[in-house]
Amino acid sequence: MTRTWTPLGAWAGILADGHVGTAGAPGVIALARDGLGVATLIAAEGGEAALAAALAKRPGLDLPSSPAVAHAGAHSLVWAGPGQWLLVAGHRAGFPETLAALSCLAAVSDQSDGRAVLRLSGSKIRETLAKGCMLDLHPSAFPVGMAALTAIAHIGVHLWRGDDGPDGAVFEMMVPRSLAGSFWSWFAASAAEFGCAVSVAEMTAGRG
């Protein structure tokens, strides 16, 4: 008998399209982002300039030198500490080739199947995150394009602020895949009083 394994996204079995908490117009919107390409990049000693030049050529990204995020097309480059970045691609097509081209300039580790990402927005998203996030997320303290590493509900979180959308501020939230269920349990309880619309994208992308 031949068994066929179906790869599942990080949020499979955790999230489903629907509504959490108070009924009515949602104050929080949560979009599960599966199928992303994610990799850590650590520059070789004295090699940041060469890495920056390579990223500017492919995929056209600037190398943030401070806690910030840069965007180019479907790709983002998020500061993750001195000499370290997180490369995020909106899809995995061509992602292994991009990583291979960078591997001679940096320590590259594909994390695509080890991370879980949510895109969070809505008029009450800051109030929701304030229940567990130690950072000041007010626009004057955390503007568009800023990134940070922090902890929420005792879970290590990598977050950055994207361009504002129709529902106001947009935050990208990344956690280890193994802790996705624990993070969602905290987030759903925190957002419940405001009502939270949940939507899931590409749930079959990722590993099984």
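Just so it is clear, none of the values below were taken in a lab; they were calculated from the coordinates. Quantities reported herein were computed from a predicted structural model and do not represent experimental measurements. Neighbour counts are summed over all protein chains in view; Cβ atoms, including those assigned to glycine, are modelled from backbone coordinates with ideal geometry.
Just one residue in the set LEU149, LEU99, LEU135 is within 30 Å of ALA56 (Cβ to Cβ) and in a strand (DSSP E or B); that residue is LEU149.
Across region 104-125, what is the number of residues that are surrounded by 19 or more Cβ atoms within 10 Å (Cβ to Cβ) and either among the polar types (S, T, N, Q) or closer than 16 Å to GLY162 by Cβ (or both)? Final tally of qualifying residues: 7. For residues that are in contact with a Gly (Cβ under 9 Å, 6 or more places away or on another chain) and among the basic types (Lys, Arg), scanning just region 79-125, find the one that is farthest from ALA147 (Cα to Cα). Among them, the one singled out is ARG92. Here CYS196 passes the criteria (1) within 23 Å of THR40 (Cβ to Cβ); (2) in contact with a Pro (Cβ under 6 Å, 6 or more places away or on another chain) except the one numbered (1).
Only one entry in GLY156, GLY168 is of a type outside the set (A, V, I, L, M, F, W, C) and over 15 Å from the mean Cα position of the chain (by Cα), namely GLY168. There is at least one residue in region 163-182 that is assigned to a loop (DSSP other than H, G, I, E, B), of a type outside the set (Val, Ile, Thr) and either touching a Phe, Trp or Tyr at 6+ places or on another chain (Cβ under 9 Å) or touching a residue at least 12 places away in the same chain (Cβ under 8 Å) (or both).
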